[in-house]
Amino acid sequence: MSRDIWVVSDTHLMHENILKFKDDKTGNLVRGHLFSNANEMDEYILEKWNSVVKQGDIVYHLGDVFIGDKERFKTMWPKFRGSKRLIVGNHDDIKFLSSGGFFQKVQMWRMFQEFGLMLSHVPLHESNLLRLVDRSGVYPDDCITLKNLHGHIHQNHSPEGPYKNMSVEAIDYTPVNIEELRIK
């Protein structure tokens, strides 16, 4: 059985108020134009997630999983396929999410040097993305700049440079396969 790795961020499950958030540039609702309530949003995100993720796949969630009723989350989260790993976001209750068996791993960031990727919740400073590619020690000639997969900024564009916004608004609410994101 082959296992795929997927990346997604900022699902904000059960978060009614996110439906009221407006884009600073356009003044348009960010999610409220798509969903009439959080239940409808949650079902849509679940459908999009399970349309690509298989049981046994690995999913890196780059933070801000849910805001709301913990008991409801406990019944909803197992419906999302895959073996889930959390990169902590600013709205995540770390104690709750790390103690309930919801995630196999809970981390602040994750480097995939083999894919040329750094996963985080917020965009990292570019100096944090330089990595040695061999052991000769000639710095910076033997360095590559990793691509930073991040969330946090929702519908907004990533900073200039090696960044990719993985917030659900930026990826059609569907987790993206890491093979599509890797540095070639």
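Computed from the coordinates by the stated procedures, all read-outs in this text should not be read as laboratory data. Treat the numbers as computed from the prediction; the structure is a model and nothing was measured. Because the Cβ atoms are built from the backbone with ideal geometry, glycine has one as well, and the counts that use them run over all protein chains shown.
Counted over the stretch 2-158, the DSSP beta bridges are approximately 30% antiparallel. This model, with +1 at the C-beta of Lys and Arg and -1 at the C-beta of Asp and Glu, gives the chain a dipole about its Cα centre of some 460 debye. Extension gain for HIS157-LYS20 works out to 47.3 nm (0.36 nm per residue, less the C-alpha to C-alpha distance). Computing FRET efficiency as 1/(1 + (r/R0)^6) for LYS70 and ASP4, where r is the C-beta to C-beta distance and R0 is 35 Å, gives about 0.75.
What does the charge count near ASN50 come to, summing +1 for each Lys or Arg and -1 for each Asp or Glu among other residues with Cβ under 15 Å from its Cβ? Combined, the nearby Lys, Arg, Asp and Glu give -1.
Tell me, VAL7, VAL176 in order of fewest to most beta-carbon neighbours within 10 Å?
Taking fewest neighbouring Cβ atoms as first place, the list is VAL176, VAL7.
Check each of the trypsin sites (Lys or Arg not before Pro) in the stretch 1-74 and keep only those in coil by DSSP with at most 16 other C-beta atoms within 10 angstrom; list them in order. Here the trypsin sites (Lys or Arg not before Pro) that fit, given the DSSP loop and packing criteria, are ARG3, LYS25, LYS54. The value given for the chain is a Kirkwood hydrodynamic radius of 17.1 Å, derived from the mean inverse Cα-Cα separation.
Amide H contacts of LEU117 (H built 1.01 Å from N, in plane; Pro and chain starts excluded): PHE112, LYS147 sit under 5 Å, all sequence-distant by 5 or more or on other chains. For HIS121, HIS91, HIS61, HIS154, the sequence from fewest to most other C-beta atoms within 10 Å is HIS91, HIS154, HIS121, HIS61.
Counting charges near ASN90 (Lys, Arg +1; Asp, Glu -1) among other residues having Cβ under 14 Å from its Cβ returns a value of -4.
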